[in-house]
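Novice: Below: one structure in structure tokens.
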Amino acid sequence: MLKKIYRFFYPPTTKTFWKYRRRILYPKGLQKYFKWWYSFRATRILEKMNASIPITDRIRTFQTPHGLSGIFISAGARVGNGCTIFQQVTIGSNTMRGSKKCGAPVIGERVYIGAGAKIIGGITVGNDVRIGANCIVTEDIPANSTVVMDKPRIITYDTPRDNTFVEWDKYKASLKCSPFLLFKKLQRF
């Protein structure tokens with residue numbers, strides 16, 4: 001009984017976000033006068049969850065089993081109906097000139113995207129696709145397929161590498177040079 005009362009006064013943030021988003025996109029009656037309030041509250045929820053989900057018709061409501069934690073979706077992306085997106089997923093645009101796949105991703109319907117997956121560029125992901133955890137997808141995926149990462153690529157060097165961690169403030173202070181030279185030194189990393 002107490003849980004029901006608590007959930008009435010403090011509903012889950014994900015459920016509240018989708019409710020506010022629906023009221024912003026499809027207001028009924030007096031809701032159109034309070035779109036600014038719903039927008040403010042939805043933005044606060046996204047900030048709290050470290051997420052970025054644009055409020056557009058291109059992105060349909062999707063399931064989030066672990067909440068909105070760390071989900072980033074670019075403004076140009078499209079997400080179909082019935083998708084399941086786990087935490088720390090990035091669906092990002094590629095706006096660099098000269099790239100092979102410029103644009104934003106188009107995600108089909110009923111797509112399962114595992115935790116930490118990255119879908120980047122102007123690619124199309126078909127319907128009923130499963131994308132495994134921590135996959136990096138930069139090519140078109142046909143419908144009814146599964147994407148998993150193969151073994152990691154290993155790069156060997158002839159000389160030992162210096163892996164000492166230096167904080168940014170200390171590194172910047174140790175250079176004692178102009179911003180242009182600082183930029184040139186940072187380019188070699």
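The values are calculated or read from the model by the stated rules, or taken from the named source; none is laboratory data. Remember, it's a predicted structure, so these values are computed and weren't measured experimentally. Cβ: placed from backbone, ideal geometry, glycine included. Neighbour counts: every protein chain shown. Surface areas here come from the heavy atoms of the whole protein model, side chains and all, with no ligands, DNA or RNA. Shrake-Rupley method; radii C 1.70, N 1.55, O 1.52, S 1.80 Å.
Novice: I need the peptides 113-124, 29-40 ranked by packing, meaning the mean over residues of other C-beta atoms within 10 angstrom, with the highest value on top.
Specialist: Details: 113-124: 19.4, 29-40: 11.9.
Descending packing order for the listed peptides: 113-124, 29-40.
Novice: Further, regarding this structure: What is the log10 of I(q)/I(0) for the stretch 1-41, computed with the Debye formula using one identical point scatterer on each Cα and no solvent, at q = 0.17, 0.31 Å⁻¹?
Specialist: Reported log10 I(q)/I(0), two decimals: -0.51, -0.96.
Novice: What length, rounded to one decimal in nm, is gained on full extension from Ala133 through to Arg7, with 0.36 nm per residue of separation minus their alpha-carbon distance?
Specialist: Value of the extension gain: 42.3 nm.
Novice: May I have the convex hull volume per residue, in Å³, for the Cα set of the stretch 13-135? All intermediate terms of the calculation are to be shown ahead of the outcome.
Specialist: Details: hull volume 12.2 nm³, N = 123.
Looking at the stretch 13-135, the number lands at 99 Å³ per residue.
Novice: Let me ask you something else. Summarise the accessible area of the stretch 54-137 (1.4 Å probe, protein heavy atoms) by the percent that is carbon and sulfur.
Specialist: Its accessible area is 49 percent carbon and sulfur atoms.
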